Amino acid sequence: MAHAVPTRGTSTGASPGTGPRGRTRTPDVFGERTHRVARWAVPVAAGLVYGYWAASVRRFGGPVTGWNLLFGFLTALAFIVLCAVVRAVARRLPREGHAALWGAFAGSAVGFLYSGSGVAMFTCVLVSLLVAAAVFGALFYRYYTHEDAQGHRVT
């Protein structure tokens, strides 16, 4: 099945910009306001899910208490703040450091949740390191294939 590819100057009005080396970029379908809201909405939503998950792991199927709610909200707050800090710092790092920082964040987050379930510490550390290594590998590959030799993004 063949699909027509819109080109510059067609009736669709699509006018993608030109990136480095003459490549055309896909058009941005969301406005600046949407990106600004999503920049904070995604970490907040992920933090609330993370806090709920940590609180539910900590109570071991028992009743929900005030201390359990406090633990969940403080965990969510810590996750949101750390995610914002990692996002702000990672942008300034080269691709290796960028991928390593996100890998450390992901490994630590998974390790914290897994340690709350009562498993042996060795198992928790092993799972954290495996997750961190997997995230590092995936992100390093992504950054390596989407940057030029000087480290500038090529999208």
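Listed values, structure above:
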item: Summed side-chain charge close to Leu70 - residues other than Leu70 whose Cβ falls under 15 Å, Lys, Arg +1, Asp, Glu -1; result: +2
item: Estimated vicinal HN-Hα couplings, Hz - the range 132-142 in sequence order (Karplus 6.51, -1.76, 1.60; Gly, Pro = x); result: 4, 5, 5, 5, 4, x, 5, 6, 4, 4, 5
item: Karplus (6.51, -1.76, 1.60) ³J(HN,Hα), θ = phi - 60°, over the range 90-105, in Hz, Gly and Pro reported as x; result: 4, 4, 8, 8, x, 4, 5, x, 4, 5, 5, 5, 5, x, 5, 4
item: Carbon/sulfur fraction of accessible area - the range 24-126, other protein chains in place, 1.4 Å, %; result: 72 percent
item: Net charge contributed by nearby residues that have their C-beta within less than 14 Å of Phe136 (K/R +1, D/E -1); result: +1
item: Rounded if a/c under 1.5, otherwise prolate or oblate - the range 38-155, Cα gyration tensor axes; result: oblate
item: Estimated distance in nm for a label pair at Ala45 and Val119, the labels positioned 7 Å out from Cα along Cα-to-Cβ; result: 2.8 nm
item: Förster radius 25 Å - calculated FRET efficiency between Arg142 and Glu32, Cβ distance, rounded to 0.05; result: 0.55
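The values are calculated or read from the model by the stated rules, or taken from the named source; none is laboratory data. All of these numbers come straight from a predicted model, not from anything done at the bench. We place every Cβ from the backbone using ideal geometry, glycine too, and count neighbours over all the protein chains shown. Please note that ligands, DNA and RNA were not included when accessible areas were found on the heavy atoms of the full protein model with its side chains. Shrake-Rupley method; radii C 1.70, N 1.55, O 1.52, S 1.80 Å.
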